[in-house]
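Asks: Can you read through this structure? Questions will come right after.
Nothing in this text is a laboratory measurement; each read-out follows from the coordinates by a stated rule. Every value quoted in this text rests on a predicted model; they were computed, and no experiment measured them. Virtual Cβ from ideal backbone geometry, glycine too; neighbours counted across all protein chains shown.
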């Protein structure tokens, strides 16, 4: 009579599993797989830096000892072994696979994998947070080790200005300002339609005509900004997420348009975006805790004009128009300076010529012409406002080793920095 021995199913599965398990060929302690984030950035991840240089095949972020943000290192356990690194998906990136051949046994190799970023998600980041990136190392298809890299991501509005490395060298990143200049933004087409309807210029011609035509086009953009009511709104010059870095919060084009608020940098990138769209060559001049705009009046960059963008806050045309309409409603027969309040008169008539003041007082100057005259007076102020500073600091702007003063030619920077788009 046969006897049957009952064996628990778990024990059978354990036996089968152990029986078929292959012993590891490569010792993790020997391979010494390491994965790390760029040490200069002290675990701070800047979406704007990734998006601004997305078009570059060889991303050099301005550091001397690495050309990428991430590093992986292994020791080759055998000659001509195949290394494969898999970076798992996160809220910042898609699954990324990096593969290289390790030619010589016992040699330690370091590589800088470029991750497949979720650019649409990076653009939407408006608050800082934390992400864990998992790096898995395979040698000849055998999983050897797993490392986790934790990074603290910043808002997409945070623009890295500079980083001080461990040797005391300052790495300048203010060229990244150019990424916030967005001549491709879809809002600009309707803005240009509005500019044409304002009557300041009859045509948008870029550099097709003379310098006066260029200046008139810039003044038309200026007038639109005043009509839009974009006011100065200060954000601290720099925020320091770490002791060795400086960061500037910059609003995107649509944020300036919708909130009607801008600091000096925001206003520069907003106006420069429209200038770029019509073919002009804007320049952003960066001084300690301040920035102002410049533009060339000719295609060959022979003559430069300046523009202090914060002067747009000296006028509030939406409030002026509201005051005018309310006054006319109360007193339809109001003439001249009676059409707006005395406070408004005192605020704006100082930008008029004597002849324009008389016309406004006797009622022969229309309200639209009054606003255009005020805008022109402010435009002249904005053109001359930074002239002395520029002349005094020109030698610093032209010195490539001077990182305190920067002359950022947007067209030239487009070779390495693209607009940040959502």
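Asks: Give me the mean projected area, in nm² to one decimal, of the convex hull enclosing the Cα positions of the chain. Kindly include the intermediate steps, with their values, before the conclusion.
Replies: Working: hull surface 132.0 nm².
About 33.0 nm², averaged over all directions.
Asks: Going 7 Å from the Cα of residue 75 in the Cα-to-Cβ direction, what parts of the stretch 36-50 have a backbone nitrogen less than 20 Å from that spot?
Replies: So the set is 36.
Asks: Please work out whether the stretch 27-156 counts as rounded, prolate or oblate from its C-alpha gyration tensor, where a ≥ b ≥ c are the square roots of the eigenvalues and a/c under 1.5 means rounded, while otherwise a/b larger than b/c means prolate and anything else oblate?
Replies: Working: a/c = 2.16, a/b = 1.86, b/c = 1.16.
Verdict is prolate for the stretch 27-156.
Asks: Considering only DSSP beta bridges with both partners in the chain, what is the antiparallel share in %, to the nearest 5? Let's see the in-between values first.
Replies: Details: 55 of 59 bridges.
Rounded to the nearest five, the antiparallel share is 95 percent.
Asks: Is any residue of the stretch 295-325 close enough, with backbone N under 19 Å, to a label point placed 7 angstrom from the Cα of residue 398 along the Cα-Cβ axis, and if so, which?
Replies: Residues 295-298, 300-306 qualify, since their backbone N sits under 19 Å from the label point.
Asks: What are the extents of the Cα atoms of the stretch 137-284 along their three principal axes, listed from largest to smallest and rounded to whole Å?
Replies: Here the spans come out as 69, 39, 29 Å, largest first.
Asks: Once you order the gyration tensor axes a ≥ b ≥ c over the Cα atoms, which shape class does the stretch 235-337 get: rounded for a/c under 1.5, otherwise prolate or oblate by comparing a/b with b/c?
Replies: Oblate, since a/c reaches 1.5 and b/c is not below a/b.
Asks: By how many degrees, 0 to 90 and rounded to 10, does the Cα axis of helix 367-385 deviate from the longest principal axis of the chain?
Replies: 60
Asks: Let me ask you something else. Percent of Cα-Cα pairs per 10 Å bin, from 0 to the last occupied bin, for the stretch 317-378, please list those.
Replies: 24, 62, 14
Asks: Given the options 175, 314, 117, which has the most mean-square fluctuation in a GNM of the chain, springs set between C-alpha atoms less than 10 angstrom apart?
Replies: Ranking 175, 314, 117 by mean-square fluctuation puts 314 first.
Asks: From largest to smallest, what semi-axes in whole angstrom does the stretch 311-422 give when each is the square root of 5 times an eigenvalue of its alpha carbon gyration tensor? List each step's numbers first, then the result.
Replies: Values: eigenvalues 345, 64, 22 Å².
Rounded to whole Å, the semi-axes are 42, 18, 11.
Asks: Sticking with this one: Ordered by packing density, taken as the mean number of other Cβ atoms within 10 Å over each peptide's residues, highest first, how do 101-113, 368-380 rank?
Replies: With the highest mean Cβ count within 10 Å placed first, the list reads 368-380, 101-113.
Asks: Related question: Any idea what angle helix 387-397 forms with the longest principal axis of the chain, computed on alpha-carbon atoms, 0 to 90 degrees, nearest 10?
Replies: 30
Asks: What's the angle, to the nearest 10 degrees (0 to 90), between helix 211-228's Cα axis and the longest principal axis of the chain?
Replies: Compared with the principal axis, the helix lies near 80 degrees.
Asks: Rounded to the nearest 500 deg cm²/dmol, what is the calculated helix-only ellipticity per residue at 222 nm for the chain, with -39500 (n - 2.57) per DSSP H run of length n ≥ 4?
Replies: Taken over the chain, the calculation gives -10000 deg cm²/dmol.
Asks: Okay, next question. For residue 346 and residue 213 in one chain, what is 0.36 nm times their gap in residues minus the Cα-Cα distance, to one decimal in nm?
Replies: Answer, rounded to one decimal: 44.7 nm.
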